[in-house]
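Contents: one structure, followed by commentary.
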Amino acid sequence: MANATNVRVRFCPSPTGNPHVGLVRTALFNWAYARHHGGTLVFRIEDTDAARDSEESYEQLLDSMRWLGFDWDEGPEVGGPHAPYRQSQRMDIYRDIAEKLLAGGYAYPCYCTTEELDQRREAARAAGKPSGYDGHCRDLSAEQKQAYEAEGRSHIVRFRMPDEATTFTDLVRGDITVQAENVTDYGIVRANGAPLYTLVNPVDDALMEITHVLRGEDLLSSTPRQIALYKALIELGVAKEIPAFGHLPYVMGEGNKKLSKRDPQASLNVYRERGFLPEGLLNYLSLLGWSLSADQDIFTADEMIAAFDVADVNPNPARFDLKKCEAINADHIRLLDVKDFAERCAPWLKAPFAPWAPESFDQDKWDAIAPHAQTRIKVLSEITDNVDFLFLPEPVFDEASWTKAMKEGSDALLRTAREKLAAADWSSAESLKEAVLAAGEAHGLKLGKAQAPVRVAVTGRTVGLPLFESLEILGKDVTLARVDAALAKLTA
Ligand code: GLU
Ligand code: ZN
């Protein structure tokens, strides 16, 4: 195995749409592993499937990686000694290697049609035999090949699996042995000449001198094939050594089902749009299969890098828990410098989110409320509704909040509160609290019950930022006017 100083790992997604959280977790673990060892992270784009890959997805992928704060040592935009790093630009390399594999007898042309393959697979199944490729074209003579060509058949290129079991030590799962009959000869080049993932992925890992392959568990079953291909590449002088493999646990979603790409919960964009911090999201995703220590859930990427070892990854499926993800993000929001927090909220204080922007936005009010908002919200997008009462001419009344807070007797309470607030010291939130407390006492209500109608009258909702600081920032005139408007609404 490679020594620690020349660790070379790779992150090699296919740009097929918006990245999903499983992919981000894979990128994160590779990044942490590379950085921990002072190694190299290669970012490679596996875009050989022209039908599914698009330039737009490619741009999205890069943008996502940048947003998450990842950097890479070789790959798109940074180049490197093994450029190009987009597989669509490496077709000549794959063609050349496929020819070498054919010439060396490691691979062979397979002329079977899909119908023939299907028929024989069915028959094998019916007879209770293994249903993989049956080796039909393994040892065709030159005449047989000619005859097939003369029939006008096209052929794929199939890799010849050795007739022996494959054993390897998975960095996460330990020793794994797969019997030869469970891994049959497999296609590496399509009939139209297009190379398949089965070829291009290990070929690039070999050429890019990857030492550790850390990837999702779904790819575990392809490892014996890749190891066999690697051995052929070593014999051909193309590869140096077989990398170590580590397969990261599945991420499970709702109902304990594997989180699928199509799952809305899986899309990175959903988290960006809701205002997760990249550091919060990465912290949470790192916990899908790994942990820093039993008593520390919140940590920075640097802390993760310092501690990360793939041997500590838990092979059991990890459950994606949105509530926990939000809680961890909330903790990261609290950790921000308040100025940084205020700046990161900026997109949600503008159109299309903020109906008051830009005309009625008030920088001083925002600066005053920001520290209070920072202690309350879980994701940045929550900022809009939490501060709208400061910038809108009138609060947006939430129907359910109104019904809940405005009970019988609320008008009397509000009248007393208005009186006490009018006489309070408006340069002190404490004084405003005492005013509402006193109003409550006059009506036999505790603070919690007394402040609910005031909060709804002023902000429109039963839950929100610390009330008395909110009132202080909103100011005496507006607050009293809103209490009056609520009273008018109540008596109407
Ligand atoms: N492009 C492959 C995928 O996204 C990469 C597989 C691998 O890491 O080997 O599934
Ligand atoms: Zn065949």
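Per-structure values
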read-out	value
Gyration tensor over alpha-carbon atoms, the chain, equivalent ellipsoid semi-axes in Å	63, 22, 20
More than 21 angstrom apart: percent of Cα pairs within the range 176-270	47 percent
Cβ-based net charge around residue 108, under 12 Å, with every Lys or Arg adding one and every Asp or Glu removing one	+2
Alpha carbon convex hull of the range 364-457, projected area averaged over orientations, nm²	6.9 nm²
Charge dipole of the chain about the Cα centre (unit charges at C-beta), most positive-ward option of 107, 9, 487	487
Label-point separation in nm, residue 394 to residue 142, each point 7 Å along Cα→Cβ	9.3 nm
Listed residue pairs exceeding 23 Å between alpha carbons, taken from 449/489; 129/257; 258/323	129/257
Between 0 and 90°, nearest 10: helix 476-491 axis offset from the chain longest Cα axis	90 degrees
Neighbour net charge for residue 118 - beta-carbon separation under 13 angstrom, K R +1, D E -1	-1
Estimated distance in nm for a label pair at residue 294 and residue 491, the labels positioned 7 Å out from Cα along Cα-to-Cβ	6.4 nm
Gained length - residue 121 relative to residue 449, 0.36 nm times residue gap less alpha-carbon distance	110.9 nm
Summed side-chain charge close to residue 368 - residues other than residue 368 whose Cβ falls under 12 Å, Lys, Arg +1, Asp, Glu -1	-4
The range 303-384 pair-distance distribution - Cα-Cα, 5 Å bins, rounded %	3, 12, 18, 17, 15, 10, 8, 7, 5, 3, 1, 0
Compactness of the range 314-435 as Cα Rg over 2.2 N^0.38 Å, two decimals	1.36
Dipole axis of the range 352-410 (+1 Lys, Arg; -1 Asp, Glu on Cβ), positive-most option in 352, 363, 379	379
Across the chain: Cys residues that no other cysteine approaches within a C-beta distance under 4.7 Å	12, 112, 325, 345
Using a Förster distance of 35 Å, the FRET efficiency for residue 164-residue 309 (Cβ separation, nearest 0.05)	0.65
Fraction of antiparallel bridges per DSSP, the chain only, in percent to nearest 5	55 percent
Tail fraction, Cα-Cα pairs, the range 1-106, threshold 24 Å, whole percent	31 percent
Cα Rg over Rh - the range 254-351, Kirkwood	0.99
Rounded to whole Hz, the Karplus (6.51, -1.76, 1.60) HN-Hα couplings of the range 462-473, x for glycine and proline	7, 10, x, 6, x, 5, 6, 5, 4, 5, 4, 6
The range 406-491: mean projected area of Cα convex hull, nm²	4.7 nm²
Net length gained if the chain between residue 427 and residue 6 were fully extended (0.36 nm per residue, minus Cα distance)	145.3 nm
For residue 20, distant residues with modelled amide H under 5 Å away	268
Residues with amide H under 5 Å from that of residue 170, placed H, sequence gap 5 or more	175, 176
The range 95-172 - Rg (one decimal) and Dmax (whole number), Cα, Å	15.3, 50
From phi via Karplus (6.51, -1.76, 1.60), per-residue ³J(HN,Hα) for the range 10-27 in Hz, x at Gly/Pro	9, 10, 9, x, 8, x, 10, x, 5, x, 10, 5, x, 5, 5, 4, 4, 4
Approximate shape of the range 50-155 as ellipsoid semi-axes (Cα gyration tensor, √5λ), whole Å, largest first	40, 20, 13
Computed [θ] at 222 nm, deg cm²/dmol, the chain (DSSP H ≥ 4; -39,500 (n - 2.57); rounded to nearest 500)	-14000 deg cm²/dmol
Set of aspartates and glutamates with alpha-carbon distance to residue 324 below 20 Å, sequence-local pairs under 8 removed	254, 263, 273, 279, 295, 297, 303, 382
Amide H within-cut-off set for residue 276, under 5 Å, with H built and near neighbours excluded	380
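Only the coordinates and a few stated rules stand behind these numbers; no lab work does. Just so we're clear, the structure is a prediction, and the values are computed from it rather than from any experiment. In this analysis, Cβ positions are derived from the backbone assuming ideal geometry, glycine residues included, and neighbour counts consider all displayed protein chains.
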